[in-house]
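Each remark here refers to the structure printed beneath this line.
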């Protein structure tokens, strides 16, 4: 870990020592030997895969380290021998769960106890419970076995199992919990002869009344969280393509710059919203309404309208548009362009490292 974080340049010399090539050329080719065992480790002698040299490089290293011929050869062998099959198998299993969830909870109303929706929800819930129990078993096993890493939350060190250090595993774990709750809540209602969805013969007035009385309950919220987490974890499947994996790396690295911009933009937006609320301009009588109207104006979600403001209020609106659209957005675009040019050299290495 010290060599990867403090002296990454020396790691290239170390990898050079793991590569031997002959001084003679045979038929235009040079014989080469790759000593990958020293880099990959011995699985029979090391039960903690996270302590192998390759795992340490993935956790603490830089993407450039994985462009060395030894690393490239090792990762190609690992990916072609068993990595690709295992990865595709896991992704296919979760795609099945997503398909069942989409059919049971999204294509069919959860309150509808029809046969198709009920079977899909039951199968999705059963698979989610199995995955949840397996992941919980590995989490407890890793925590008790010391296979943890220290994560700082609000400057407080927290021991986190290795399984949950991957954001895609966290998304799967959360989605499985939500799916278990959602399926276990809707199934008893249908078994006990719960409410069925209204047929197409329902009067139009009842439909309009239902829309007006629509309320979001906790089951809808849990289902929405499960949907976002399950579909979001499919982003990990992009590593099957080197170019798409490099794209996710670039977006992830640029996201920090966008986050800082959003924080600055939020402070400016709230300050202008407070000023317009103090002036009691039309449509800006309340602070929360003023904030939402300015946010819609910034995102171009509000329809074109004529602001019947006084001179000071119109001046504030013009200044807000200039600062946000002309000033901050121009700076953000220039900053992202420079950052992307710098990150373009690391994309290939990250694509290999993330596999």
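Below are the figures for this structure:
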item	result
Residues that are under 37 Å from the mean Cα position of the chain (by Cα) and surrounded by 10 or more Cβ atoms within 10 Å (Cβ to Cβ), drawn from the stretch 32-47	34, 35, 36, 37, 38, 39, 40, 41, 46
Filter pass, residue 179 being at pLDDT 85 or above, on the phi < 0 side of the Ramachandran plot and either surrounded by fewer than 13 Cβ atoms within 10 Å (Cβ to Cβ) or assigned to a loop (DSSP other than H, G, I, E, B) (or both)	no
Test for residue 99: is it modelled with pLDDT of 75 or more, under 30 Å from residue 131 (Cα atoms) and surrounded by 16 or more Cβ atoms within 10 Å (Cβ to Cβ)	no
Test: residue 89 is closer than 27 Å to residue 149 by Cβ and either in contact with a strand residue (DSSP E or B) (Cβ under 7 Å, 6 or more places away or on another chain) or at pLDDT 80 or above (or both)	yes
Only listed residue being touching a strand residue (DSSP E or B) at 6+ places or on another chain (Cβ under 7 Å), in contact (Cβ under 8 Å) with a residue 24 or more places away in the chain and surrounded by fewer than 18 Cβ atoms within 10 Å (Cβ to Cβ), chosen from 73, 78	73
Residue count for the stretch 31-56, restricted to those that are free of Cβ contacts under 8 Å to residues at least 60 places away in the same chain, part of a helix (DSSP H, G or I) and in contact with a helix residue (DSSP H, G or I) (Cβ under 8 Å, 6 or more places away or on another chain)	8
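Let's see how each residue does on (1) at pLDDT 85 or above; (2) part of a helix (DSSP H, G or I); (3) closer than 23 Å to residue 52 by Cβ; (4) in contact with a strand residue (DSSP E or B) (Cβ under 7 Å, 6 or more places away or on another chain):
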| site | (1), (2), (3), (4) |
| --- | --- |
| 117 | no, yes, no, no |
| 131 | yes, yes, no, no |
| 135 | yes, yes, yes, no |
| 139 | yes, yes, yes, yes |
| 146 | no, no, yes, no |
| 150 | no, no, yes, yes |
| 160 | yes, no, yes, yes |
| 163 | yes, yes, yes, no |
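Residue-by-condition table, conditions (1) in the same structural domain as residue 135 (by TED's automatic domain parsing); (2) out of contact with any strand residue (DSSP E or B) (no Cβ under 9 Å at 6 or more places or on another chain); (3) at positive phi; (4) surrounded by 15 or more Cβ atoms within 10 Å (Cβ to Cβ):
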residue: 10; (1), (2), (3), (4): no, yes, no, no
residue: 13; (1), (2), (3), (4): no, yes, no, no
residue: 16; (1), (2), (3), (4): no, yes, no, no
residue: 30; (1), (2), (3), (4): no, no, no, no
residue: 106; (1), (2), (3), (4): yes, yes, no, no
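The values are calculated or read from the model by the stated rules, or taken from the named source; none is laboratory data. Given the structure is predicted, the values throughout are model-derived calculations rather than measurements. Note: ideal-geometry Cβ built from the backbone for every residue, glycine included; neighbour counts use all protein chains shown.
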